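Beneath this line is the structure, given in structure tokens, with notes to follow.
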Amino acid sequence: MLEIEKLNAGYHGVPVVSDIDLRVDKGEIVALIGSNGAGKSTILRTISGLLKPASGGIFLDGKRIDTLPGHEIVGLGVAHVPEGRKLFGKLSVEDNLLLGAYSVKSPNVIQDRMERVFSLIPVLSHRRGQRAETMSGGEQQMLAIGRALMSGPQILMLDEPSLGLMPKFVLTVYEAIRQMNASGMSVLLVEQNVQKALELSNRVYVLQTGKIVFSGSAAQCADNELIRKAYLGM
């Protein structure tokens with residue numbers, strides 16, 4: 001479904017990730033884990049078109065997308081929930097959700113998607129008229145996920161969805177991810193909570209200083225003593 005080949009990317013000519021090969025198959029949850037500064041967010045930003053690669057290619061269902069602007073990549077079915085949520089704090093929950101569907105022309109499709117979001121994340125239905133900035137951190141994270149879902153993605157990319165959340169909201173976020181995946185959506189997950197990521201994912205890539213140092217099933221990652229000690233802090 002999503003495939004990255006020999007990706008090199010960075011900022012202002014300074015390389016951050018090198019020769020990245022990564023894939024996410026249909027219906028999979030794939031975790032990308034590693035220490036701070038390893039380049040995880042850079043990979044997501046490059047996939048979503050916020051950052052152009054220095055070399056290599058990114059393909060969705062066999063079509064090259066790294067040459068496209070970000071809004072076209074969203075239109076093809078790739079949604080990105082960035083670290084820090086990046087909500088419009090002065091706008092209501094409902095208006096933030098509507099912005100996620102900015103490229104959708106049909107009012108009926110927008111309404112159907114909003115009802116689906118409210119079904120998946122009921123707290124948003126209860127707070128639809130509330131300003132985003134007045135919500136708790138966990139509620140804001142759920143709103144950021146809901147906004148991404150309004151674009152109708154085939155693949156959802158989540159950057160540190162549990163960062164800074166209370167434990168009860170971590171469980172809520174992860175249950176929402178499970179439900180989205182059960183409906184057929186693929187997920188690429190960047191996560192510092194290694195144990196949660198391993199529990200949730202089908203496959204795992206471990207990133208260190210811009211390079212993939214391990215790829216395999218979540219079970220293989222959890223059982224690899226070298227990876228556990230050297231890269232995961234376990």
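The values are calculated or read from the model by the stated rules, or taken from the named source; none is laboratory data. Every value quoted in this text rests on a predicted model; they were computed, and no experiment measured them. All Cβ positions, even for glycine, are placed from backbone atoms using ideal geometry, and neighbour counts span all protein chains on display. Keep in mind that these areas ignore ligands, DNA and RNA; they rest on the heavy atoms of the full protein, side chains included. Shrake-Rupley method; radii C 1.70, N 1.55, O 1.52, S 1.80 Å.
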Rounded to the nearest Å, the spacing of the alpha-carbon centers of region 1-55 and region 157-234 is 15
Rounded to 0.05, the calculated FRET efficiency for the beta carbons of N108 and K63 at R₀ = 25 Å is 0.35
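Where in region 75-180 are there trypsin sites (Lys or Arg not before Pro) that are in a DSSP coil and have at most 13 other Cβ atoms within 10 angstrom of their Cβ?
Passing both the DSSP loop test and the Cβ count: K86, K90, K105.
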Calc'd 3J(HN,Hα), region 222-229, phi into Karplus 6.51 cos²θ - 1.76 cosθ + 1.60 (θ = phi - 60°), Hz, glycine/Pro = x, comes to 5, 8, 7, 5, 4, 5, 4, 7
Taking Cα atoms only, Rg over Rh for the chain with Rh from the Kirkwood formula is 0.96
Helix-only [θ] at 222 nm, the chain, -39500 (n - 2.57) per DSSP H run of 4+, per residue, nearest 500, equals -11000 deg cm²/dmol
Contour minus Cα-Cα span, V213 to L171, at 0.36 nm per residue, comes to 12.2 nm
Along the dipole axis of the chain (charges at Cβ: +1 for Lys and Arg, -1 for Asp and Glu; origin at the Cα centre), the most positive-end residue among I227, M185, P161 is P161
Counting Lys and Arg as +1 and Asp and Glu as -1 over every other residue whose Cβ sits under 10 Å from the Cβ of K6, the net charge comes to -3
With no solvent term and unit scatterers on the alpha-carbon positions of region 24-147, Debye gives log₁₀ I(q)/I(0) at q = 0.22 Å⁻¹ of -1.33
Per residue, the convex hull enclosing the alpha carbons of region 128-216 has a volume in Å³ of 122
Quick tally, 1.4 Å probe accessible area for H80, H71, H126, H12, sorted with the most first, runs H12, H126, H71, H80
T46 neighbourhood, Cβ < 12 Å, K/R = +1, D/E = -1, net charge +2
With R₀ set to 35 angstrom, the calculated FRET efficiency between the beta-carbons of L226 and E5, to the nearest 0.05, is 0.85
Ranking N96, S35, G70 by how far each Cα lies towards the positive end of the charge dipole of region 1-140 (+1 on Lys and Arg Cβ, -1 on Asp and Glu Cβ), the top one is N96
Diffing region 51-63: the Karplus 3J(HN,Hα) column from phi (6.51, -1.76, 1.60, θ = phi - 60°), in whole Hz with x for Gly and Pro, holds 9, 8, x, 6, 6, x, x, 10, 10, 10, 6, x, 9
Calc'd 3J(HN,Hα), region 201-214, phi into Karplus 6.51 cos²θ - 1.76 cosθ + 1.60 (θ = phi - 60°), Hz, glycine/Pro = x, comes to 8, 7, 9, 9, 10, 10, 10, 9, 6, x, 10, 6, 10, 7
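Once the Cβ-Cβ distance between S125 and H71 is put in as r, and R0 is 35 Å, what FRET efficiency do you end up with, to the nearest 0.05?
Details: r = 28 Å, r/R0 = 0.79.
Rounded to the nearest 0.05, the efficiency is 0.80.
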